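Working notes, structure below.
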Amino acid sequence: MNPDPESLAAGARELVRTFVAISLPAPLLDQVTQVQCRLRAHPDAKPVRWARPEQLHLTLRFLGNVPRNELTHLGEALNSACAGLRAFELELAELGCFPHSRSPRVVWIGVTGAVTQLDRLQRRVEEALRGFGDPAEEARAFHPHLTIGRVNARGDVGRRLGDLLARERVPELGFWPVRQVDLVWSELSPHGARHTVFHSVRLSD
């Protein structure tokens, strides 16, 4: 039985929420989870919705909705962006929040280490994937960070959380070897986003 042309056309038009990211190795995920647990125990951290381990990653480029029939071309573009780039190491250090401590909306851990190589990788990804996804996302500046929680609080509650984040110190979490870049499909649900890697590119050793 031949596929229905209308069904094929509808499948091609189906939009898939995607982004490009670097995943954390399991030992580092455990360390970040311990930081989250320590913060969660504090009364001033109650407004935070903490990211689950499978949601922790460093986003290089959020694409938003991409037609399903463009995913193969998207993978080819990522291959081109990463061609010739060597693996490098990052580290995680200090806590912070966006947009500022008086009204935090995102809780993050900062990224240090080989940030020059990271910036080069991100710029190449940005250039190679230009034209895919939501054009509004192309204008966003790159601020490398690991989002560990999102905040639903205003006023004094938010300020107390901001003060807590300013006081807390993140211990040394170890090195983060970056050897692979992933294209990720994000499916939203009432229980949070579920992420599935559908294409990966290895960096040179």
Check: Of all residues in the range 97-110, how many are crowded, with 18+ Cβ neighbours inside 10 Å and either in contact with a helix residue (DSSP H, G or I) (Cβ under 8 Å, 6 or more places away or on another chain) or on the phi > 0 side of the Ramachandran plot (or both)?
Finding: 4
Next item on the list: Considering only residues that are closer than 19 Å to Arg194 by Cβ and among the small types (Gly, Ala, Ser), look in the range 1-34 and name the one that is modelled with the highest pLDDT.
Entry: Ala21
Next item on the list: Please name all residue pairs, on different chains or six or more residues apart, with Cβ atoms under 6 Å, provided the first residue is in the range 90-103 and is over 8 Å from Gly162 (Cα atoms) and the second residue is of a type in the set (S, T, N, Q) and at pLDDT 90 or above.
Entry: Glu91/Thr112; Ala93/Thr112
Next item on the list: Identify the residue in the range 130-151 that is of a type outside the set (Ser, Thr, Tyr), modelled with pLDDT of 90 or more and touching a strand residue (DSSP E or B) at 6+ places or on another chain (Cβ under 6 Å) and, among all such residues, is surrounded by the fewest Cβ atoms within 10 Å (Cβ to Cβ).
Entry: Arg150
Next item on the list: Go through the residues of the range 59-75 one by one and say whether even a single one is touching a residue at least 40 places away in the same chain (Cβ under 8 Å), closer than 22 Å to Gly174 by Cβ and of a type outside the set (Lys, Arg).
Entry: yes
Item checked: Answer residue from the range 21-37, given it is buried (at least 19 other Cβ atoms within 10 Å of the Cβ) and within 14 Å of Arg179 (Cα to Cα) and is farthest from the chain's Cα centre (by Cα) among those -> Leu24
Next item on the list: Return the total of residues in the range 51-65 being over 12 Å from the mean Cα position of the chain (by Cα) and either of a type in the set (Gly, Ala, Ser) or at pLDDT 95 or above (or both).
Entry: 1
Notebook entry, point to check: Given the structure, is Ser80 under 20 Å from Gln180 (Cβ atoms) and either of a type in the set (S, T, N, Q) or part of a strand (DSSP E or B) (or both)?
Noted result: yes
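Are any residues in the range 157-180 of a type in the set (Gly, Ala, Ser) and more than 20 Å from the chain's Cα centre (by Cα), and if so, which ones?
Gly158, Gly162, Ala166
Take Ala193 and tell me if it is within 25 Å of Thr18 (Cβ to Cβ), surrounded by fewer than 18 Cβ atoms within 10 Å (Cβ to Cβ) and free of Cβ contacts under 8 Å to residues at least 12 places away in the same chain.
no
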Item checked: In the range 80-92, the residues that are crowded, with 16+ Cβ neighbours inside 10 Å and of a type outside the set (D, E, K, R) -> Ala81, Cys82, Leu85, Phe88, Leu90, Leu92
Checklist line | Total residues in the range 111-129, condition surrounded by fewer than 16 Cβ atoms within 10 Å (Cβ to Cβ) and in contact with a strand residue (DSSP E or B) (Cβ under 6 Å, 6 or more places away or on another chain) | finding: 1
Check: Taking the range 45-71 as the region of interest, how many residues are closer than 21 Å to Asn152 by Cβ, hydrophobic (A, V, I, L, M, F, W, C) and out of contact with any Phe, Trp or Tyr (no Cβ under 7 Å at 6 or more places or on another chain)?
Finding: 5
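The values are calculated or read from the model by the stated rules, or taken from the named source; none is laboratory data. All values reported here derive from a predicted model rather than from experimental measurement. Don't worry about glycine lacking a Cβ; one is built from the backbone with ideal geometry, like all the others, and counts go over all protein chains shown.
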